[in-house]
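Heads up: the structure comes next, in structure tokens.
The values are calculated or read from the model by the stated rules, or taken from the named source; none is laboratory data. Since the structure is predicted, the reported quantities are computational estimates derived from the model, not experimental observations. Cβ placement follows ideal geometry from the backbone for every residue including glycine, while neighbour counts extend to all protein chains displayed.
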Amino acid sequence: MFVVESKAGAIACMLLALIFLGTWPALMTLLERRGRLPQHTYLDYTLTNFLAAIIIALTFGEIGGSTPEKPNFIAQLSQDNWPSALFAMGGGVVLSLGNLSTQYAWALVGLSVTEVICACITVVIGSTLNYFLDDKMNRADVLFPGVSCFLIAVGLGSAVHSSNAADNKEKLQGAGYSTTLKDAITNEELKNLESGNKTPEKAKAGTAEFLLDIENRRAIKVFGKSSILGLLITFFAGICFSLFSPAFNLATNDQWHTLKEGVPHLVVYTAFFYFSMSCFAVALVLNITFLYRPMLGAPRSSFKAYLNDWNGRGWAFLAGFLCGFGNGLQFMGGQAAGYAAADAVQALPLVSTFWGILLFGEYWKSSRRTYVLLSGMLFMFIVAVGVLMASSGHRK
């Protein structure tokens, strides 16, 4: 079994996880804005997300010999370790609920703001829990200032959203549209948009026409829906995310002594397999349900329609692999250097915001106030990720 033991190796795992976990939401958002139903995308995503866990378990979890203290993945599947396995599966359930919620939050409040708020809640609650579960192995004088940076970033993220929403409203009104981000587009305006009477052949990012063009093509219509609903969904997702890492910590280190005497702790790869299996099961049940009873006004679908929908399926599969390998790397680094330090990967809004600006035209042609707030938010994330990684300890 391959084990990450050095601090440098743990930090390398965290950095790779940061890139992967910051990229997969951008791919999911891209497909939704191109009109693909989120239920279809998430079903594809969850298949490869689980496949990534199986690949990790059968490769890293089977490298080298198996010992009684640290058995390989397959050897451990037959052991009496169900209390720890249940903790791992509980972590997978809350992660699945969080990921599912963010699908709709991305549409309502944007990729960048959703990731910022979720990441900050995850760090503030999750890192604190992990610090105490790991018997304070991380340096408190470094860790908690890093957590404070995340907390400041969530305030800045909320301010960025408010400022950007006001900018978009002003753009729409200034262009002569009666619609705003809180009012539904009229049928006449949609006809004008489709016929090209008011929209150029390719609307420039950041313009009112660009905003309306996105609304016309996307799977989840957001005009006429309150951004407050999006923020509530975002906070719910953040709370779910804050619990999955502590649950995984309990699964691999058994701080509550739930295992029978002589039974070895779950290794990362076995715990990650159980974690991903429950995540897959919850996602499968809920998304098949949402095919027939969609949320937030998304179009109704069917399992047959899902199977026949190959538009963007490759991107959805890639998103699942990125998330699966990202989570696996986060846990590998956390087992070596402390799960509180591994929460540095929650600086993924650094990556998501980059993709949001590059792919989706977020914040283009915004006000100076929005740009100042956005710069401050990103700066706080850069500081936070450096500080949290610097708090890394070494598990005995």
Number of positions in region 229-268 that are part of a loop (DSSP other than H, G, I, E, B) and of a type outside the set (Ser, Thr, Tyr): 13
Residue 156 being surrounded by fewer than 23 Cβ atoms within 10 Å (Cβ to Cβ), modelled with pLDDT of 80 or more, under 22 Å from the mean Cα position of the chain (by Cα) and under 22 Å from residue 38 (Cβ atoms): no
Among residues of region 132-143, those that are at pLDDT 85 or above and surrounded by 19 or more Cβ atoms within 10 Å (Cβ to Cβ), counted: 1
Some residue of region 255-271 being buried (at least 23 other Cβ atoms within 10 Å of the Cβ), modelled with pLDDT of 95 or more and not aliphatic (A, V, I, L, M): yes
Among residues of region 286-333, those that are among the basic types (Lys, Arg) and touching a His at 6+ places or on another chain (Cβ under 9 Å), counted: 1
Flag if residue 26 is part of a helix (DSSP H, G or I) and under 17 Å from residue 330 (Cβ atoms): no
Check on residue 115, part of a helix (DSSP H, G or I), over 15 Å from residue 366 (Cβ atoms), at pLDDT below 80 and not basic (Lys, Arg): yes
Unique match (being in contact with a Phe, Trp or Tyr (Cβ under 7 Å, 6 or more places away or on another chain), assigned to a helix (DSSP H, G or I) and under 14 Å from residue 327 (Cβ atoms)) among 124, 94: 94
Residue in region 55-67 that is surrounded by 24 or more Cβ atoms within 10 Å (Cβ to Cβ), among the β-branched types (Val, Ile, Thr) and over 15 Å from residue 237 (Cβ atoms) present: yes
Among (1) farther than 20 Å from residue 11 by Cα; (2) in contact (Cβ under 8 Å) with a residue 40 or more places away in the chain; (3) in a helix (DSSP H, G or I); (4) not hydroxyl-bearing (Ser, Thr, Tyr) - the single one residue 333 does not satisfy: (1)
Test: residue in region 56-65 that is under 23 Å from the mean Cα position of the chain (by Cα) and either closer than 27 Å to residue 356 by Cα or in a helix (DSSP H, G or I) (or both): yes
Filtered residues of region 327-359 (kept if surrounded by fewer than 24 Cβ atoms within 10 Å (Cβ to Cβ) and under 17 Å from residue 103 (Cβ atoms)): 355, 356, 359
Residue in region 26-46 that is at pLDDT 95 or above and charged (D, E, K, R) present: yes
Identity of the residue in region 360-396, in a loop (DSSP other than H, G, I, E, B) and either modelled with pLDDT of 85 or more or of a type in the set (D, E, K, R) (or both), that ends up surrounded by the fewest Cβ atoms within 10 Å (Cβ to Cβ): 396
